[in-house]
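Notes follow the structure.
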Amino acid sequence: MSPWIWLAVAGAGAAGSVLRYAADAAVSTRSFTTFPVGTLGINLSGSLLLGLITGLSLYHAFPATPRIVIGSGFCGAYTTFSTFAFETVALAREGERLGAALNVAGNLVGCCAAAGIGLALAAV
């Protein structure tokens, strides 16, 4: 791989992480719940985007380089499995077992569904 691709992935990763931080901060300041709405929204939207990019690559010959930059760089940094895991454990430790279960279901089922919707949108 070209060194430029590595730099592009790093730049997209930087943009994804900054956008994730900004989006979570914006949602958190407006949210009146302990449920991690920001992280769920970020993971859902990132999964949708990755599904769309993957679908464009599969169905419409979307070039490999932008797919790698957007998929691995941007989406990889924008979405966050570690924060989802931490927030789920925190909810459970605080006695919010239903919230923890809903967070797991929302992230696992919701993100798989969002990725599937992205693939379906790209197939059109």
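Throughout, read-outs are computed from the coordinates displayed, never taken from laboratory work. What you see is a predicted model, and the numbers here were worked out from it, not measured in a lab. Quick reminder, even Gly has a Cβ in these numbers, built from the backbone with ideal geometry, and neighbours come from all protein chains shown.
Every residue, every condition in (1) over 24 Å from Val109 (Cβ atoms); (2) β-branched (Val, Ile, Thr), yes or no:
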| position | (1), (2) |
| --- | --- |
| Ser2 | yes, no |
| Thr34 | no, yes |
| Thr39 | no, yes |
| Leu44 | no, no |
| His60 | yes, no |
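Limited to region 90-109, what total is found for residues that are under 14 Å from Thr39 (Cα atoms) and surrounded by fewer than 16 Cβ atoms within 10 Å (Cβ to Cβ)?
The qualifying residues number 5.
Given the structure, is Phe84 more than 29 Å from Ala123 (Cα to Cα), hydrophobic (A, V, I, L, M, F, W, C) and buried (at least 16 other Cβ atoms within 10 Å of the Cβ)?
yes
Tally time: how many residues in region 25-39 are in a helix (DSSP H, G or I) and crowded, with 20+ Cβ neighbours inside 10 Å?
The total comes to 2.
Select from region 40-61 the residues that are surrounded by fewer than 22 Cβ atoms within 10 Å (Cβ to Cβ) and either free of Cβ contacts under 8 Å to residues at least 60 places away in the same chain or of a type in the set (Ser, Thr, Tyr) (or both) and write down the one among them that is nearest to Thr83 (Cα to Cα).
Filtering first and then ranking leaves Gly41.
If you check every pair at least six apart or on different chains, which have Cβ atoms under 6 Å apart with a residue in region 96-114 that is without any contact (Cβ under 8 Å) to a residue 24 or more places away in the chain first and a residue that is part of a helix (DSSP H, G or I) second?
Hits for this filter: Ala100/Thr88; Ala100/Leu91; Ala100/Ala92; Val104/Thr88.
Could you tell me which residue of region 112-122 is surrounded by the most Cβ atoms within 10 Å (Cβ to Cβ), considering only residues that are touching a Gly at 6+ places or on another chain (Cβ under 8 Å) and closer than 17 Å to Ile42 by Cα?
Checking each candidate, the answer is Gly118.
Given the criteria within 30 Å of Leu7 (Cβ to Cβ), touching a residue at least 40 places away in the same chain (Cβ under 8 Å) and out of contact with any helix residue (DSSP H, G or I) (no Cβ under 6 Å at 6 or more places or on another chain), does Ser72 qualify?
In short, no.
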